Amino acid sequence: MAGKIEVGILGATGMVGQHFIRFLQCHPWFEVKWLGASDRSAGKKYREATGWRLDGVMPGSVGELTVGECKPGNAPHLIFSALDASVATEIERAFAEAGHVVVSNSRNHRMEPDVPLLVPEINPEHLKLLPHQRRRRGWRGQIVTNPNCSTIVLTMGLAPLLPFGITKVMATTLQAISGAGYPGVPSMDIQANVIPFIAGEEEKMQQETQKILGEFTGEEIRPLAAKVSAHCNRVPVTDGHTVTVSVELTAKPQEQDLLACFDNFVSVPQQRHLPSAPPRPIVYMPECDRPQPRRDAERERGMAVFFGRLRPCPVLDWKFVVLGHNTIRGAAGAAVLNAELMRSEGFFD
Ligand code: NAP
């Protein structure tokens with residue numbers, strides 16, 4: 001264990017908190033040493049405070065840790081956050097103010113202009129917002145966020161197309177029930193059904209996409225000027241968000257140009273061999289009926305995005321399907337990759 005960076009998890013008892021614990025098990029750089037949750041859990045052993053909802057058993061190494069209150073003090077410098085959105089704003093801010101690096105999965109700070117909404121394959125340079133964040137707010141620490149679980153899938157599908165000039169995007173989601181946390185959507189509502197509404201989700205997808213694909217100007221992020229329209233649906237799938245996308249591009253690329261872009265897409269996490277980076281962040285599937293959530297979402301440890309069904313769109317220019325694991329690439333795994341990118345930039349030296 002020598003040389004590992006100690007980390008804490010805010011909201012460790014919840015669904016995403018559990019994904020953090022599982023994802024960080026045996027991590028080569030990070031070791032979970034501290035857990036925080038609400039008053040209901042504080043003071044209890046993790047195994048008593050937590051109803052373990054993931055496949056397999058709770059990692060023994062965390063079961064005996066005592067859950068703390070979500071207050072800075074004894075927590076490690078690097079903190080992952082999986083806090084309920086009703087409390088994340090104040091708690092994450094308090095930790096950043098006290099000098100912690102908060103790598104958050106909650107939505108609360110994502111759209112603040114000086115907070116990076118980071119996808120290491122797409123916008124690693126957005127980390128340059130952090131000195132501005134510290135200066136403006138007078139914090140010793142900082143907050144970095146990852147996107148909403150459907151936005152990350154969409155933006156990974158769009159990122160290779162940026163050189164062609166994206167002007168319009170129409171995206172329709174088929175979102176897994178695990179995205180609603182536990183116990184989630186009542187079974188009477190979701191079995192053999194589709195629910196064509198997820199509160200706040202369409203707005204998040206539209207705004208977050210423009211920020212993630214935006215350009216760092218030296219001071220702030222200039223959002224991508226493309227129009228983005230999202231339709232969000234909850235479907236009876238356990239894990240894996242599918243997004244069907246139509247896109248208009250300024251340059252009018254041919255199919256082989258697009259396929260080459262997707263095929264050759266690697267970025268900073270792959271070049272730096274970050275431990276959680278999939279070797280190929282976007283995996284093209286030529287089969288006409290793939291990707292599928294049950295068959296593909298878990299591949300590559302849930303960290304790759306699967307892309308298929310590229311074909312001309314009679315309304316915009318091209319259309320395709322993209323799929324990603326919502327609680328791994330869309331939540332805990334995304335935040336861990338963000339922290340790995342930060343470590344590779346010397347943030348924790
Ligand atoms: P969850 O299962 O309800 O867990 C919420 C966590 O927050 C629990 O650890 C809970 O502790 C803690 N908490 C609640 N009230 C608190 C308080 N007053 N003080 C301190 N801690 C408190 O929620 P989740 O599904 O894991 O989601 C966590 C966050 O990730 C949310 O912001 C959500 O929007 C976001 N997210 C979720 C997903 C997903 O797929 N589920 C995907 C992306 C993003 P107790 O157990 O002690 O109550």
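The values are calculated or read from the model by the stated rules, or taken from the named source; none is laboratory data. Bear in mind the structure is a predicted one, so any value in this text is a computation, not a measurement. So basically every Cβ, Gly included, is an ideal-geometry build from the backbone, and we count neighbours across all protein chains shown. Surface areas here come from the heavy atoms of the whole protein model, side chains and all, with no ligands, DNA or RNA. Shrake-Rupley method; radii C 1.70, N 1.55, O 1.52, S 1.80 Å.
How far, in degrees from 0 to 90, does helix 201-212 lean away from the longest principal axis of the Cα atoms of the chain, to the nearest 10? Computed tilt is about 90 degrees. With no solvent and one equal point scatterer placed on each C-alpha of the range 249-310, evaluate the Debye formula and give log10 I(q)/I(0) for q = 0.12, 0.14, 0.16, 0.19 Å⁻¹, two decimals. The Cα Debye sum returns log10 ratios of -0.35, -0.47, -0.60, -0.79. Normalised by 2.2 N^0.38 Å, where N is the number of residues, the C-alpha radius of gyration of the range 41-167 stands at 1.24. Distance from the Cα centroid of the range 286-308 to that of the range 255-285 is 14 Å (rounded to whole angstrom). The solvent-accessible area of Arg343, taken with every protein chain present and a 1.4 Å probe, is close to 90 Å².
Site pair Ile5 and Thr244 shows an inter-label distance of 4.1 nm when each label is modelled 7 Å from Cα along Cα→Cβ. The equivalent ellipsoid of the chain has semi-axes of 32, 23, 18 Å, largest first, where each one is the square root of 5 times an eigenvalue of the Cα gyration tensor. In terms of its Cα atoms, the range 185-318 spans 49, 36, 30 Å along the principal axes, sorted from long to short. Please go through the residue pairs Lys33/Lys211; Lys128/Lys252; Lys211/Lys319; Lys45/Lys204; Lys128/Lys319; Lys4/Lys204 and name each one whose alpha carbons sit more than 29 Å apart in this structure. Beyond 29 Å between Cα atoms: Lys33/Lys211; Lys128/Lys252; Lys45/Lys204; Lys128/Lys319; Lys4/Lys204. Summary value for the range 149-325: 28 percent relative contact order, contacts being C-alpha pairs under 8 angstrom separated by 6+ residues. With contributions of -39500 (n - 2.57) from each DSSP H run of at least four residues, the per-residue ellipticity at 222 nm computed over the chain stands at -7000 deg cm²/dmol. The residues packed around Cys288, meaning those with a beta-carbon under 11 Å from its beta-carbon, carry a net charge of +1 if Lys and Arg are +1 and Asp and Glu are -1. Residue ranking by accessible heavy-atom surface, 1.4 Å probe, largest first, among Met58, Met303 comes out as Met58, Met303.
Solvent-accessible area of the range 149-325 (1.4 angstrom probe, protein heavy atoms only): carbon and sulfur portion equals 53 percent.
Across every direction, the projection of the convex hull enclosing the Cα atoms of the range 1-114 has a mean area of 7.3 nm². Over the chain, Cα pairs under 8 Å with separation of 6+ residues give a relative contact order of 17 percent. Were the residues from Asp189 through Asn74 laid out at 0.36 nm apart, the gain over their Cα-Cα distance would be 37.1 nm. The residues of the range 149-325 present an accessible area of 47 Å² per residue when probed at 1.4 Å with all protein chains retained.
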